[in-house]
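Structure first, then comments.
What follows draws every value from the coordinates through simple rules; no lab data is involved. The structure displayed is predicted, hence computed values, not measured ones. Positions of Cβ are backbone-derived with ideal geometry, glycine not excepted, and every protein chain shown enters the neighbour counts.
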Amino acid sequence: MPSEPDDSDADQPTPNGPNALCFTCGGLRKISEPRLYVVQATEDLQTGMTMAEWRTCPQCGGKGYLPGLQPPV
């Protein structure tokens, strides 16, 4: 029994052909989102630190490239 082709990626462009590197993530597929955390070490001392959390690039959708040749705006 032959298997049905998966149509979930049918509308997604393939990386074949002229594609542009994503300008937002630089092809890394994720971008850093800094967050500020405040930690209370003692009653008298409060300190803050910045940590980065990674999230999927909103422009390329985590692919790292954009279909076609698109100049940066």
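Points worth noting:
- R0 of 30 Å, Cβ-Cβ distance LEU21-GLU53: FRET efficiency to nearest 0.05: 0.80
- Local net charge near THR56, Cβ-Cβ under 11 Å (Lys/Arg +1, Asp/Glu -1): +3
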